[in-house]
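Asks: Please see the structure below; I have some questions.
The values are calculated or read from the model by the stated rules, or taken from the named source; none is laboratory data. Keep in mind it's a predicted model, so treat the numbers as computed, not measured. Here the Cβ is made from the backbone with ideal geometry for all residues, glycine too, and neighbour counts use every protein chain on show. Side chains included, ligands, DNA and RNA excluded: accessible areas come from the protein's heavy atoms. Shrake-Rupley method; radii C 1.70, N 1.55, O 1.52, S 1.80 Å.
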Amino acid sequence: QTSLSVDEAIRQILLAVAPIGTERVGILSAVGRVLAEDVTADRPIPPWANSAMDGFAVRHDDLVAARPSRERPIELAVVDEIAAGRMPTRAVGPGEAARIMTGAPLPAGADTVIPIEDAEARDGRVRLLAGADRGANVRPAGQDVPAGECVLPAGTPVTPAVVGMLAQLRRSFVTVGAAPRVAILSTGDELLEIDEAADARPDRATIVNSNAYQLAAAIAEAGARPVQLGIAEDRREAIRAKVENGLRVADCLVSTGGVSVGDYDFVKDVLDDLGADVRFWKIAVRPGKPLVFGLVQGRPYFGLPGNPVSSLVTFELFVRPALRQMMGYRGERRFRPTIEAEVRERFTVPPGRRHYLRCRLSRTPDGGYAAVTTGNQDSAILTSLVRADGLLVVPEDRREVRVGERLPVVLLG
Ligand code: AMP
Ligand code: MG
């Protein structure tokens, strides 16, 4: 197979994965998920006309007649005091006013609120020192949401503001796209878990299975649920047994390592053994050229490269959008935001692949961004990813990037 372009690989992945289902959750657990139901207002918000200010509810007709000002105030009888949380006890008639607090329901008869700053109250009467337009400082019923309106359609990502709206609609539970369970398999004879590595024998060339931890963190950050399958030795049967475990518990599988063309790279063989529908295994991208994508028993399988930077960058580029789509995200919301930055350093890259260079961003005086790389871009150098704000995208046809050029940067979360 020749290498697929990044865009074509993402296109094929997103064509192959679909939302996995729905679940009903408390609204606080819904943050970061996507509504799977249309949420309609069963009553208007606000439910009644109310005051936007502390002041006096009056009849605008009384103001038109006398045109109050500081020099010629008008005086009205105060017939009620309406605190927030209380209903008015009587209507406001001609020549009358009601003391009213912000958010309290407007009494019948009144249509305008004069702020407290423009009034002087004394002995059951109030002097108005200024006029106002009809309807001033009144929020009509249904101003925010009319009754019956579908205010939160299915597909809406749940943000803190959406949680607030759900609460206003008196909804404590809501149906959202289910969070996929994502199985993580680490392949490699050299791997040990953190605690095992602490007392590993010095005569063995072991390394910590750091990929499993960083991927679990990335999966959780995307809103999905990581499931650890543990470490598989570099043997076909060992990898197959773990993948079969994963198929029992997960909606999606991610493995790291064992996808190059080395003598110990068995992931592709295992997928063939399991009758997987393998779509591609090479992408014209750096980091991350060897990347297997296929469907195993209908479930998406991503065989990521083993190097720590490659596994995390390819997760960001190819797996994260797929997980987001499985959760119900649509359109641009499946992807990290991209900005444009002015490159502050000259460098060369081999052409033919799209490069994602780890970079740090700073603000420019004109309000834009400037980017510098974070150093050694080898895919085993995790510090350059640790220090990165984003990934600078160098198009496939480029050999050189000059100081002052503007290129896209994918912002990392
Ligand atoms: P591989 O793709 O299996 O040839 O692995 C490439 C490189 O990534 C090797 O140096 C591995 O030791 C390293 N590597 C593979 N898997 C992991 C892992 N789970 N955690 C950290 N490094 C790994
Ligand atoms: Mg390996």
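Asks: For Gln297, which of the numbered conditions (1) open to solvent by 80 Å² or more (accessible area, probe 1.4 Å); (2) modelled with pLDDT under 95 fails to hold?
Replies: Unmet condition: (2).
Asks: Also, quick follow-up: Hey, among the residues in segment 259-284 that are within 15 Å of ligand 1 (Cβ to nearest atom) and open to solvent by less than 10 Å² (accessible area, probe 1.4 Å), which one's nearest to the chain's Cα centre (by Cα)?
Replies: The selected residue is Ile283.
Asks: Which residue, of Arg11, Arg43, is of a type in the set (D, E, K, R), open to solvent by 30 Å² or more (accessible area, probe 1.4 Å) and not in a loop (DSSP other than H, G, I, E, B)?
Replies: Arg11
Asks: So, one more: Since Ala200 meets every condition but one in (1) aliphatic (A, V, I, L, M); (2) open to solvent by 40 Å² or more (accessible area, probe 1.4 Å); (3) more than 10 Å from ligand 1 (Cβ to nearest atom); (4) in a loop (DSSP other than H, G, I, E, B), which condition does it not meet?
Replies: (2)
Asks: Those residues that are over 30 Å from Arg333 (Cα atoms) and either among the charged types (D, E, K, R) or without any contact (Cβ under 8 Å) to a residue 12 or more places away in the chain (or both), I need them from segment 207-244; list them, please.
Replies: Once the filter is applied, which keeps residues that are over 30 Å from Arg333 (Cα atoms) and either among the charged types (D, E, K, R) or without any contact (Cβ under 8 Å) to a residue 12 or more places away in the chain (or both), segment 207-244 yields Glu233, Asp234, Arg235, Arg236, Glu237, Ala238, Arg240, Ala241, Lys242, Glu244.
Asks: In addition: If I filter segment 105-113 for residues that are outside any strand (DSSP E or B) and of a type in the set (Ser, Thr, Tyr), do I get at least one hit?
Replies: no
Asks: Conditions first: (1) touching a helix residue (DSSP H, G or I) at 6+ places or on another chain (Cβ under 7 Å); (2) open to solvent by 60 Å² or more (accessible area, probe 1.4 Å); (3) under 29 Å from Ala179 (Cα atoms). Tyr356 passes all but one, so which condition is the exception?
Replies: (2)
Asks: Sticking with this structure for a sec: Given (1) at pLDDT 95 or above; (2) within 27 Å of Glu221 (Cβ to Cβ), where does Gly288 come up short, assuming only one miss?
Replies: If we test Gly288 against (1) at pLDDT 95 or above; (2) within 27 Å of Glu221 (Cβ to Cβ), just (1) comes out false.
Yes or no, residue by residue, for (1) in a helix (DSSP H, G or I); (2) in contact with a Lys or Arg (Cβ under 6 Å, 6 or more places away or on another chain); (3) within 16 Å of ligand 2 (Cβ to nearest atom); (4) open to solvent by less than 30 Å² (accessible area, probe 1.4 Å):
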site	(1), (2), (3), (4)
Ser310	yes, no, yes, yes
Arg320	yes, no, no, yes
Leu323	yes, no, no, yes
Tyr329	no, no, no, yes
Ala341	no, no, no, yes
Ala370	no, yes, no, yes
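Asks: What are the pairs, 6+ residues apart or on separate chains, where a residue within segment 148-162 that is of a type outside the set (Phe, Trp, Tyr) has its Cβ under 6 Å from a residue that is surrounded by fewer than 19 Cβ atoms within 10 Å (Cβ to Cβ) and in a helix (DSSP H, G or I)?
Replies: Once the first residue is of a type outside the set (Phe, Trp, Tyr) and sits in segment 148-162, its partners that are surrounded by fewer than 19 Cβ atoms within 10 Å (Cβ to Cβ) and in a helix (DSSP H, G or I) give Pro157/Arg333.
Asks: Now for a different question. If you scan segment 293-315, which residues turn out to be within 23 Å of Asp251 (Cβ to Cβ) and either of a type in the set (D, E, K, R) or within 11 Å of ligand 1 (Cβ to nearest atom) (or both)?
Replies: Those that are within 23 Å of Asp251 (Cβ to Cβ) and either of a type in the set (D, E, K, R) or within 11 Å of ligand 1 (Cβ to nearest atom) (or both): Arg299, Gly303, Leu304, Pro305, Ser311, Leu312.
Asks: Considering only segment 209-245, state which residues are in a helix (DSSP H, G or I) and under 27 Å from the mean Cα position of the chain (by Cα).
Replies: Ser210, Asn211, Ala212, Tyr213, Gln214, Leu215, Ala216, Ala217, Ala218, Ile219, Ala220, Glu221
Asks: Still on this structure: Might you check whether a residue that is basic (Lys, Arg) and in contact with a Pro (Cβ under 7 Å, 6 or more places away or on another chain) occurs anywhere in segment 285-298?
Replies: Looking for residues that are basic (Lys, Arg) and in contact with a Pro (Cβ under 7 Å, 6 or more places away or on another chain), one finds none in segment 285-298, hence no.
Asks: Here is a follow-up. Against the definition (away from ligand 2 (no atom under 15 Å from the Cβ), at pLDDT 95 or above, closer than 25 Å to Arg320 by Cβ and open to solvent by 10 Å² or more (accessible area, probe 1.4 Å)), how does Arg225 come out, yes or no?
Replies: yes
Asks: Find the residue count for segment 203-223, including only residues that are within 14 Å of ligand 1 (Cβ to nearest atom) and under 30 Å from Arg33 (Cβ atoms).
Replies: 10
Asks: State the number of residues belonging to segment 146-196 that are within 16 Å of ligand 2 (Cβ to nearest atom) and surrounded by 19 or more Cβ atoms within 10 Å (Cβ to Cβ).
Replies: Number satisfying all stated conditions: 6.
Asks: Now for a different question. Restricting attention to segment 26-37, does a residue exist that is open to solvent by 50 Å² or more (accessible area, probe 1.4 Å), in contact (Cβ under 8 Å) with a residue 12 or more places away in the chain and more than 18 Å from the chain's Cα centre (by Cα)?
Replies: No, the conditions are met nowhere in segment 26-37.
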